[in-house]
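Notes for the one structure printed next.
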């Protein structure tokens, strides 16, 4: 999927979060959007996903050279962010079963294989409310990257991850990110966006 942001600006009440942002994300390529806290990275990501409308400018989504309607973009993307909540009453196994009712996983990935891939097999029957913040982040990244989606949006993917989990995330992205469009928002942390085609500052 190709996404084009033209002269994007976003204002909340009387305060502009950012103005005049121009970015183009090509199909099958990986990108990073970097900036300090409060610069509007998360807001820009939600605009890219079609969850928010820009105050100024326009967003264009294209698939195989043809325009996509904004209300059809959701079915083609997956998203992980520290501020997105999981259903904490669900176990890991229940979370995966529930998720795939809305977003199918990569072909050939049955429940046991996904749980093994998560590195959380011993906690498969534990409610997510008992997971640490790092374990929850693993679940979010697993759901986003292993969904059968053309566009993957990751907001600070290494938040709450220790060094082993960072390596796990990087390997997951490398193994299952090929021929998909990735946009990764980061507070200037290169561990979060290895191997990207271009870095945009905001």
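Every read-out reported here was derived from the displayed coordinates using simple, explicitly stated rules and does not represent laboratory data. Treat the numbers as computed from the prediction; the structure is a model and nothing was measured. Here the Cβ is made from the backbone with ideal geometry for all residues, glycine too, and neighbour counts use every protein chain on show.
Determine one quarter of the surface area of the Cα convex hull of the chain, which equals its mean projected area, and express it in nm² to one decimal.
Quarter of the Cα hull surface area: 11.2 nm².
Under the criterion of Cα pairs below 8 Å and six or more residues apart, the relative contact order for the range 2-201 equals 30 percent. The label-point distance for residue 64 and residue 15, in a model that sets each label 7 Å from Cα toward Cβ, rounds to 4.5 nm.
Site pair residue 176 and residue 89 shows an inter-label distance of 2.7 nm when each label is modelled 7 Å from Cα along Cα→Cβ.
With a/c under 1.5 counting as rounded, go ahead and sort the range 163-202 into rounded, prolate or oblate using the C-alpha gyration tensor (a ≥ b ≥ c being the square roots of the eigenvalues; past the cut-off, prolate if a/b is larger than b/c, else oblate). It is oblate, given that a/c is not under 1.5 and a/b is not larger than b/c.
The label-point distance for residue 6 and residue 52, in a model that sets each label 7 Å from Cα toward Cβ, rounds to 2.2 nm. Over the residues of the chain, the helix contribution to mean residue ellipticity at 222 nm works out to -8000 deg cm²/dmol, using -39500 (n - 2.57) for each DSSP H run of at least 4. Taking a ≥ b ≥ c as the square roots of the eigenvalues of the Cα gyration tensor, an a/c ratio of 1.5 or more together with a/b larger than b/c marks the range 14-120 as prolate. Enter the Cα centre distance for the pair the range 1-35 and the range 127-184, rounded to the nearest angstrom. Result: 22 Å between the Cα centres. Start at zero, step by 10 Å, and the Cα-Cα distances of the range 108-182 spread as 18, 54, 27, 1 percent across the bins.
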